[in-house]
Amino acid sequence: MSASATIAQTPAPPYYAVIFTSLRTDSDNGYGVTADRMVEIAQTMPGYLGVESARDGLGITVCYWQTLDHIAAWKAQAEHDLAQKMGRETWYQAYHLRVAKVERAYGFARPE
């Protein structure tokens with residue numbers, strides 16, 4: 001998933017984070033378009049809370065969800081399932097996915 005350079009505005013914990021780290025292959029082969037589409041779809045799914053993503057060699061995407069059931073529904077979503085297969089076949093040299101329960105969260109924002 002790709003996303004703009006913003007910090008997700010999540011509710012008070014608890015909620016869940018799906019942390020996806022990846023190393024890409026050399027060619028795009030539709031990756032960018034598909035990553036944008038995955039964000040569009042995720043945003044329509046029940047339980048979606050937000051996404052943060054960065055790539056500079058190592059890609060890291062964190063997607064936030066209300067419950068484990070919402071995460072399971074996202075994993076099973078048809079277009080997402082196809083994207084996962086393309087990732088294994090074409091886009092990734094390696095990846096790891098971790099699911100974590102967020103029990104505490106805090107932040108800082110400089111006044112504008």
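A few comments on the model shown:
- Segment 57-69: number of residues that are part of a strand (DSSP E or B) and closer than 22 Å to A94 by Cβ: 6
- Here I71 meets the list (1) more than 11 Å from the chain's Cα centre (by Cα); (2) at pLDDT 95 or above; (3) buried (at least 17 other Cβ atoms within 10 Å of the Cβ); (4) of a type outside the set (K, R) almost entirely, failing just condition (1).
- Segment 74-101, residues that are surrounded by 16 or more Cβ atoms within 10 Å (Cβ to Cβ), farther than 20 Å from L23 by Cβ and hydrophobic (A, V, I, L, M, F, W, C): W74
- Condition broken by P111, with the remaining ones in (1) assigned to a loop (DSSP other than H, G, I, E, B); (2) exposed (fewer than 13 other Cβ atoms within 10 Å of the Cβ); (3) modelled with pLDDT of 95 or more satisfied: (3)
- The residues of segment 18-34 that are within 19 Å of W74 (Cα to Cα) and either among the polar types (S, T, N, Q) or touching an Asp or Glu at 6+ places or on another chain (Cβ under 7 Å) (or both), listed by number, are T21, S22, T34.
- Flag for Y15 being more than 11 Å from the chain's Cα centre (by Cα), modelled with pLDDT of 95 or more and surrounded by 14 or more Cβ atoms within 10 Å (Cβ to Cβ): yes
- Selection count where residues are in a loop (DSSP other than H, G, I, E, B), polar (S, T, N, Q) and touching a helix residue (DSSP H, G or I) at 6+ places or on another chain (Cβ under 7 Å), scope segment 12-56: 2
- Pick from segment 1-12, criterion more than 16 Å from D36 (Cα to Cα) and among the β-branched types (V, I, T), ranking: modelled with the lowest pLDDT: I7
- Scanning segment 92-104 for residues that are part of a loop (DSSP other than H, G, I, E, B) and under 14 Å from W65 (Cα atoms) gives a single hit, E103.
- Members of segment 20-38 found to be surrounded by 14 or more Cβ atoms within 10 Å (Cβ to Cβ) and under 29 Å from Y106 (Cα atoms), listed by number: F20, T21, S22, A35, M38
- For G87: the one exception among (1) in a helix (DSSP H, G or I); (2) over 16 Å from the mean Cα position of the chain (by Cα): (2)
- When segment 42-63 is filtered for residues that are small (G, A, S) and more than 21 Å from R24 (Cα to Cα), the ones remaining, listed by number, are A42, G47, G50.
The values are calculated or read from the model by the stated rules, or taken from the named source; none is laboratory data. Every value quoted in this text rests on a predicted model; they were computed, and no experiment measured them. Ideal geometry is used to build each Cβ from the backbone, glycine not excepted, and the neighbour counts take in all protein chains shown.
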